[in-house]
1. With every protein chain in place, what's the accessible area of SER406 (1.4 Å probe, Å², nearest 10)?
2. For segment 305-355, what class follows from the C-alpha gyration tensor (a ≥ b ≥ c being the square roots of its eigenvalues): rounded when a/c is under 1.5, otherwise prolate if a/b is larger than b/c, else oblate?
3. Less than 11 Å Cβ to Cβ from ASN141, Lys/Arg counted +1 and Asp/Glu -1: what total charge do the surrounding residues give?
4. Can you sort ASP393, ASP178 by solvent-accessible area, 1.4 Å probe, largest first?
5. So for LYS319, LYS267, what's the accessible-area order with a 1.4 Å probe, most first?
6. With the other protein chains left in place, how much accessible area per residue, in square angstrom, belongs to segment 289-363 at a 1.4 angstrom probe?
7. Could you work out what % of the accessible surface of segment 204-300 is carbon and sulfur, using a 1.4 angstrom probe and leaving DNA, RNA and ligands out of the count?
8. Round to the nearest 10 and report in Å² the accessible area of ASP350, as given by a 1.4 Å probe over the protein chains' heavy atoms.
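The values are calculated or read from the model by the stated rules, or taken from the named source; none is laboratory data. The structure displayed is predicted, hence computed values, not measured ones. Using ideal geometry, Cβ is built from the backbone for each residue, glycine included, and neighbour counts are taken over all protein chains shown. These accessible areas exclude ligands, DNA and RNA; they are computed on the full protein's heavy atoms, side chains included. Shrake-Rupley method; radii C 1.70, N 1.55, O 1.52, S 1.80 Å.
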Amino acid sequence: MDADVTDSAGTPADPDQPGHQAEDAPQAGAQDGSGATTPQDGPPAPAADPKSGPETENAAGDGAVQTWSERPKGGLPTGYKRHWLRWTALAASLVVLVAAGAGWWLYRKLDGNIKTDTSAAAELRAYEKERPTPIAVDAQNILLIGSDSRSGDNRKYGRDDGGSQRSDTTILLHLAADRRSATAVSIPRDLMVDIPTCHTADKKATAERFAQFNWAFEVGGTACTIRTVERMTGIRVDHHMVVDFNGFKDMVDAVDGVEVCLKEPIKDADAHLELPAGRQKLDGEAALGYVRARKSIGNGSDTERMDRQQKFLGALVNKMQSNGVLLNPTRLYPVLDAATKSLTTDPGLDSLRDLYDLVRGMRNVPTDKVQFLTVPRQPYRANPNRDELIEPDAGRLFKQLREDASVAVAPADEIKSSESPDIDPTENDPSDGKPDDSGSTNPSPAPTFSGSNAADDLCKQ
């Protein structure tokens, strides 16, 4: 006998919830106990939308789903948006981490290049009572020493005499307190000066002596050189840097060379230099030979060589500023890498942060306010192959720097007496009928010394 067919399909499905069936309603296609299929009462289930795609979790995250057919017009389903944002955030985080890691690695590399001169700092502390007291607190005085050691990589520039140190170039760099000017004063290596008691590398004390300036560095090192400069000038040296040959070469190469103009060709075997006359760009190796050459250029004097060094350094500064090197991290990095590899400093400048602060303070100095000059000097009376200071001119220069007062430079042929300050002939002259303190409100003009600035074109001189 046929099984009875159920007359009632139970509670109809809620139209607001498609596909949801009443709790007691038999499922479509279900069989009763006799195996007969029970027909589904009510309207048939709607056919699947051919455009509908995979179901996605809705924004509420409550287990309900959202199909492609239900997505907002012009957008992705909410779940897809959320997954896409998660992957974007993850990718961005990875990029940031990689960039930060690379930046930290570069920072550590440059920072680790710098060598610290702790022995000089210790000796200077021992003689603290003898050192000058700073007058212009915010100004900075940095002693730059070019090392002429012939050991290691520098052996090809001359005979290696056991690695002894020489001071080929010494420059006292004064940075004004307002950082609107910088004055670099060269000190001749053959200048006769009073050298205080110092200590050698093996801790032996030396006697005070009147000798060539570069003797202080060769025998007593950086600390002895600093104390000699301080005794001669009365200027407190705040920091020091020692740069060797390779550091100079690499810095020139890092800015893609520096242009110079030569009136005559140069052929100097000692300096490993052979150049034609005229305008040309020097790479690091040629630049080093150019600033070190002595016998084959001009009159062969150390005076002329210092003048050439100053003008080349001015051209190097100009190249760095005009090309935006100091403001471009990509171009600044090779310069910093070259400089730090061959740099030895006091503990106050032995980190990349310290050097960056120093460079940042100088980058706004106009090139015509980056000035180079040599201490006023003349041939030493007892030996014309040596130098001595011209007084009171040298004393006036040192006083201006101590007090952070202005100093001006001009070519030697533009000032009244070669390498002497350009002083008003009526100044302190009783014949003009005026006392020294005449009550004029006009500030005294800055004394002018023979020199150059970084804005000068080497090919127009």
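1. Number for this one is 80 Å².
2. Cα axes put segment 305-355 in the oblate bin.
3. Its environment carries a net charge of -1.
4. ASP178, ASP393
5. Heavy-atom accessible area, descending, gives LYS267, LYS319.
6. Here the residues of segment 289-363 average 43 Å² of exposed surface.
7. 47 percent
8. The accessible area comes out at roughly 40 Å².
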